[in-house]
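Asks: Sharing a structure here in structure tokens format.
The values are calculated or read from the model by the stated rules, or taken from the named source; none is laboratory data. On a predicted model such as this, the values are computed, not experimentally measured, just so you know. Heads up, the Cβs are rebuilt from the backbone with ideal geometry, glycines too, and the neighbour counts pull from every protein chain shown. We work out accessible area using only protein heavy atoms, side chains counted, and drop any ligands, DNA or RNA first. Shrake-Rupley method; radii C 1.70, N 1.55, O 1.52, S 1.80 Å.
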Amino acid sequence: MAHKESILNAATSLFAQKGFRDTSISDIARLAGTAEGTIFYHFQSKEDLFLAIFEGARARIVEHVETSIQGAKFEDGLDMVRGIASLYFFLSEEMKQEFLLLFGTYPYRLASENARCSEHLEAMYTCFLDVLTLAITRGMQDGSIRDVNPEKQSLIVLAMLTGLVRFALMNLLPAHAYYAEAIKACSSMLERRT
């Protein structure tokens, strides 16, 4: 494994476990099996390293969403909403450490003063909001979803999914057990009743 990749992996793991402020460059170097100087060869600062991790997470999330949505055959808009919710839950488990970083406090503090961090945060949430809005709009057109404001409903759905994932990742509640119920609740909230 290349030095840069091992540094990114070590930093991701430590930032997710200990937080940004409680992780030192020496902690990262020790876990990566490299010298501190090697870290500074690849990254200007600990913040720059954090942003590189965030940039990679953003790219992976956006790629997964785009690939999954483009390659899937959905019965209707409501089925697409269910598929997006399932994908969100899947990614939160597949990319557990990155989601732990996303839900920490540090990225939001940094985003208030760093445009690059703000852009990455916005892109990660927006990719889900955009496809949810598309699915809801499609569902309204095909009759599977009642008339709603697609943007508002997308935000409500994403907030519900994010809340459950946060509980699960923080080990606060056995939220994994409720993922299927959350998808049913999304359907029930949106579906057109005949």
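Asks: Kindly indicate whether A10 is farther than 27 Å from Q153 by Cβ, of a type in the set (G, A, S) and either under 16 Å from the mean Cα position of the chain (by Cα) or open to solvent by 40 Å² or more (accessible area, probe 1.4 Å) (or both).
Replies: no
Asks: What pairs can you find where one residue is in segment 44-73 and surrounded by 15 or more Cβ atoms within 10 Å (Cβ to Cβ), the other is of a type in the set (D, E), and their Cβ atoms are less than 7 Å apart, with a gap of 6+ or different chains?
Replies: A57/E98
Asks: Restricting attention to helices (runs of 4 or more DSSP H) lying wholly within segment 84-194, give those where 1 or more residues are surrounded by 15 or more Cβ atoms within 10 Å (Cβ to Cβ) and modelled with pLDDT of 95 or more.
Replies: Result: 115-142, 150-169, 179-190.
Asks: With the requirement that a residue be more than 16 Å from the chain's Cα centre (by Cα), closer than 26 Å to M140 by Cβ and of a type outside the set (A, V, I, L, M), what does segment 72-116 give you?
Replies: Selection gives K73, F74, E75, D76, G77, D79, R82.
Asks: Also, quick follow-up: Suppose we filter segment 6-29 for residues that are polar (S, T, N, Q), touching a helix residue (DSSP H, G or I) at 6+ places or on another chain (Cβ under 7 Å) and in a helix (DSSP H, G or I); how many remain?
Replies: Total meeting the criteria: 4.
Asks: Any residue in segment 123-137 that's of a type in the set (S, T, N, Q): show its pairings with residues that are in a helix (DSSP H, G or I) at Cβ separation under 8 Å, as long as the two are six or more apart or on different chains.
Replies: Pairs found: T133/P150; T133/E151; T133/S154; T137/G77; T137/P150.
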